[in-house]
Amino acid sequence: MNHREQGAGSSSIGAAADAVARRLGALEPRVAIVLGSGLGSVADAVQSAIRIPQSAIPGFPKPAAPGHKGELVAGTLEGVPVLVQSGRFHLYEGHAPQLAALPARVFARLGVRTLIVTNAAGGIRLTFRPPTLMLIADHINLMFRNPLEGALEEGEQRFPDMSDPYDRELRALAREVALQQQIGLEEGVYAALLGPSYETPAEIRMLARLGADAVGMSTVPEVIAARARGIRCLGFSSITNVAAGLSAAPLSHEEVLAAGARLAGQLATLIRGVLARL
Ligand code: HPA
């Protein structure tokens with residue numbers, strides 16, 4: 001086993017949680033928010049922000065994906081104590097699923113009970129007109145890896161139920177906020193692939209047949225680990241492009257980041273609206 005393949009391990013969860021807790025002082029975050037590619041500016045709205053570089057947290061590697069900052073931002077949003085992760089760890093960087101899920105496990109250790117995950121994704125459903133936002137109704141794990149592989153972590157179930165991965169009540173709340181704020185919000189199924197190459201047109205046709213509405217390369221490890229600890233999840237995809245083969249244009253990461261930046265304001269409004277009603 002090389003170091004990338006090691007499990008999170010209770011000691012690394014504890015060490016990372018202790019390091020973050022020392023920086024938080026009296027702040028006790030209730031909600032954690034994970035920001036996807038191009039969505040980093042959502043963290044700018046956090047009040048009384050405490051910035052914790054991920055390099056200061058034991059076991060957290062430096063995020064390598066362009067568009068990911070590499071810090072935790074703690075503070076309040078709409079009066080709710082939050083912890084925002086700007087820069088996630090992807091399996092395509094060579095990280096084990098346990099490492100991708102380490103921040104979620106650390107958040108749980110710190111007392112977080114709600115996880116809001118965001119990502120950039122390609123739109124598969126033909127009616128999606130990017131850039132647009134999609135509420136994640138459910139996911140399909142096509143990474144063929146799982147953060148719960150290996151030794152059972154303290155406080156986690158061996159076989160967690162996954163029948164309500166993205167909390168029904170939180171989704172209803174998100175739809176209400178979108179309606180009130182006049183923000184277009186689609187809803188659909190997110191398929192997670194390993195990446196980092198984008199999909200082929202044949203793969204997108206396959207995903208459409210499997211019932212996927214959007215495709216990306218993240219989110220699922222965190223959500224599985226969170227559900228194994230009883231944390232409720234809410235997820236948003238920023239649909240930054242139509243998936244491969246559905247338009248003549250080739251895909252580029254620059255396009256994904258630019259479209260994400262255009263959606264970041266709306267996404268921040270949605271998240272703040274949900275937090276205000278928790
Ligand atoms: N495919 C996979 N991941 C993505 C895409 C895509 O088309 N767009 C943004 N992230």
Of the residues in segment 24-43, those that are touching a helix residue (DSSP H, G or I) at 6+ places or on another chain (Cβ under 8 Å) and either over 15 Å from LYS69 (Cα atoms) or open to solvent by 50 Å² or more (accessible area, probe 1.4 Å) (or both) come to PRO29, VAL31, ALA32, SER41
Among strands (runs of 3 or more DSSP E) entirely within segment 28-133, at least 2 residues that are over 13 Å from the mean Cα position of the chain (by Cα) and within 23 Å of GLY230 (Cα to Cα) occur in 71-77, 80-86
Scanning segment 223-267 residue by residue, the ones that are more than 9 Å from the ligand (Cβ to nearest atom), open to solvent by 20 Å² or more (accessible area, probe 1.4 Å) and assigned to a helix (DSSP H, G or I) total 8
Filtering segment 134-169 down to residues that are farther than 16 Å from ALA104 by Cβ and either among the polar types (S, T, N, Q) or not in a loop (DSSP other than H, G, I, E, B) (or both) yields MET134, LEU135, ALA137, ASP138, ILE140, SER163, ARG168, GLU169
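Residue-wise test of (1) touching a His at 6+ places or on another chain (Cβ under 9 Å); (2) without any contact (Cβ under 8 Å) to a residue 60 or more places away in the chain.
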{"position": "LYS69", "(1), (2)": "no, yes"}
{"position": "ALA74", "(1), (2)": "no, yes"}
{"position": "VAL80", "(1), (2)": "no, no"}
{"position": "LEU83", "(1), (2)": "no, no"}
{"position": "GLY87", "(1), (2)": "yes, yes"}
{"position": "LEU91", "(1), (2)": "no, no"}
{"position": "PRO103", "(1), (2)": "no, no"}
For SER218, the lone unmet condition from (1) in a loop (DSSP other than H, G, I, E, B); (2) surrounded by fewer than 21 Cβ atoms within 10 Å (Cβ to Cβ); (3) near the ligand (Cβ under 9 Å from one of its atoms) is (2)
- Task: Kindly indicate whether any position in segment 167-181 is surrounded by 24 or more Cβ atoms within 10 Å (Cβ to Cβ), touching a residue at least 12 places away in the same chain (Cβ under 8 Å) and within 14 Å of the chain's Cα centre (by Cα).
- Result: no
Of (1) within 11 Å of the ligand (Cβ to nearest atom); (2) open to solvent by 50 Å² or more (accessible area, probe 1.4 Å); (3) acidic (Asp, Glu), GLU199 satisfies every one except (2)
Expected single match for open to solvent by 20 Å² or more (accessible area, probe 1.4 Å) and more than 16 Å from the ligand (Cβ to nearest atom) among LEU194, LEU152 is LEU152
Conditions (1) away from the ligand (no atom under 16 Å from the Cβ); (2) out of contact with any Phe, Trp or Tyr (no Cβ under 6 Å at 6 or more places or on another chain) -> ALA121 fails only (1)
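Looking only at segment 202-215, how many residues end up being more than 10 Å from the ligand (Cβ to nearest atom), out of contact with any Phe, Trp or Tyr (no Cβ under 8 Å at 6 or more places or on another chain) and under 14 Å from PHE128 (Cβ atoms)?
Final tally of qualifying residues: 1.
The values are calculated or read from the model by the stated rules, or taken from the named source; none is laboratory data. This structure is a prediction, so every number in the text was calculated from the model and none was measured. Positions of Cβ are backbone-derived with ideal geometry, glycine not excepted, and every protein chain shown enters the neighbour counts. Areas reflect the complete protein model, heavy atoms only, side chains present, ligands, DNA and RNA absent. Shrake-Rupley method; radii C 1.70, N 1.55, O 1.52, S 1.80 Å.
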